[in-house]
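Everything on this sheet refers to the single structure shown next.
Please treat every number below as a calculation from the coordinates, not as lab data. Nothing here was measured: the structure is a model prediction, and the numbers come from that model. Because the Cβ atoms are built from the backbone with ideal geometry, glycine has one as well, and the counts that use them run over all protein chains shown.
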Amino acid sequence: MKGIGGGLANRANIPKRLLGAGLLLAAGVAAAQTPGADAVAAFYRGRTINLTIGSPVGGGYDGYARLLARHLAKYIPGHPAVVPQNMPGAGSNKAAGFIYAQAPRDGTAIGALQPGAILAQLISNQSVQQDARKLIYLGNANSDVYLCFVRADASVASFAETFAREVLLGAAGEGTTLRDMPVMLDNLLGTKFRVVSGYAGSHEVTLAIEKGEVEGMCGMGYVSLTMEHPDWIAGGKMRVLAQEDMKGHPDLNRMGVPRTVEFAKTDEDRAVMELIYSQNLLGRPYVVPPGVPAERVAVLRAAFMAALGDNELLEEARKMRFEIDPLSGEDVQATVARLFALPPRISERAKAARVYKPPAP
């Protein structure tokens, strides 16, 4: 079956580390020369853009959004203030609903979402306010690879053992990768993950792992984990059981860490997993509401890419252990359109795969 992401599913096609003064200058000039830039500058001068972050303070999504907020304004004509504010809840669906239905449609509201909120209509039975097809995408800051990992002293030492032995995992609420990805593995592959939901986010789950409340988690990004706990994998404190991704991360591939899709029993199971794992490609998406004037969308998209090529931002990212691997708003918009064009059966199976049934004794 052809990959649902088309050419975009190959990370080799995504620009890597927009370093260099030439690229930075070109991006900045593009933002400044976007058609209607003078009118856009007049609109933004003296205004504030509210950057609504659909995740709790302290995690990877929050960190990336605040990093972007520190550099975005310099590439927007008129140089408005960019003010981050957190609106966690329901796997970013609360923030996505706010941006879609309530936020101003004039270019002064940006949402920093988790990718599950983009796919909620395709993989969740819960109703949501937002229609992801109508949101306008500024871009994606970084594509990530999600992991299943456990403490070094956990009851299992490999992913294969999770089919025979129960593993206690910490998770956030429904709609987050921390909860939905291990549930999907139980339903599609037959693993025996017992999922303890209710934690606010990945930061709280990592604290629970340290305290011994749970053995590990699935659905946390490799970049986020190495940023928050750089010694966990390198120091042998945690064991990575599997990569929840279609291609895997080069570092983990070299280490021989398996991908969960290798355990799929049928092509259709694999297609369902590919739909759910498309969240990896969408990564850290930034959106504005429907109806924002086209000239402001064009300027914001150009500014987004220019900011992520800013040498000062990249240096901050290096110190924070963030990977910057941007995807343009146009490419994200096209990827979302392709996902929503998938056969309905794949979507219905994805929804069923996210219904939690605790492992049988």
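May I ask for the percentage of alpha-carbon pairs in the range 34-101 that lie more than 19 Å from each other? Percentage above 19 Å: 42.
Neighbour counting of Cβ atoms within 10 Å sorts the residues 262, 323, fewest neighbours leading, into 262, 323. Largest GNM mean-square fluctuation among 317, 350, 112, using the chain with Cα springs under 10 Å: 317.
Would you mind checking the pairs 192/351; 237/357; 94/357; 134/351 and listing those with alpha carbons more than 23 angstrom apart? With Cα atoms farther than 23 Å apart: 237/357; 94/357.
Hey, fewest Cβ within 10 Å first, where do 218, 148 land in order? Walk me through the numbers on the way to the answer.
Numbers: 218 30, 148 27.
Fewest to most other Cβ atoms nearby, the residues stand as 148, 218.
With both labels modelled 7 Å from their Cα along Cα-to-Cβ, the residue 85 to residue 321 distance reads 3.2 nm. Its Cα gyration tensor gives the range 245-361 an equivalent ellipsoid. The semi-axes, each the square root of 5 times an eigenvalue, are 32, 23, 12 Å from largest down. Computed from label points 7 Å out along Cα-Cβ, the spacing between residue 125 and residue 57 is 3.7 nm. Spherically averaged projected area of the convex hull of Cα atoms, the chain: 16.7 nm². Each helix, a run of at least 4 DSSP H residues, gives -39500 (n - 2.57); summed and divided by the residues of the chain, these come to -12500 deg cm²/dmol at 222 nm. Scaled to the globular estimate 2.2 N^0.38 Å, the Cα spread of the range 289-354, given as radius of gyration, is 1.57. Here the range 146-268 was treated as a single set of alpha-carbon atoms; its pair distances binned every 5 Å from 0 give 2, 12, 24, 27, 21, 11, 2, 1 percent.
For 150, 355, which order do you get if you count the other beta carbons within 10 Å of each Cβ and list the fewest first? List each step's numbers first, then the result.
Values: 150 24, 355 12.
Ordered by Cβ neighbours within 10 Å, fewest first: 355, 150.
What Kirkwood Rh does the range 214-276 have if only Cα atoms enter the pairwise 1/r average? Answer in Å.
Details: mean 1/r = 0.0778 Å⁻¹.
It works out to 12.9 Å.
Say a paramagnetic label sat at a point 7 Å from the Cα of residue 340, along Cα to Cβ; which residues of the range 273-309 have their backbone N under 14 Å from it? Only 288-291 fall inside the zone, counting backbone N under 14 Å.
Starting from 0.36 nm per residue, how many nanometres of slack lie between residue 101 and residue 267 once their C-alpha separation is accounted for? Mind dumping the intermediate values first?
Details: separation 166, 0.36 × 166 = 59.76 nm, distance 3.76 nm.
Gain on extension, residue 101 to residue 267, equals 56.0 nm.
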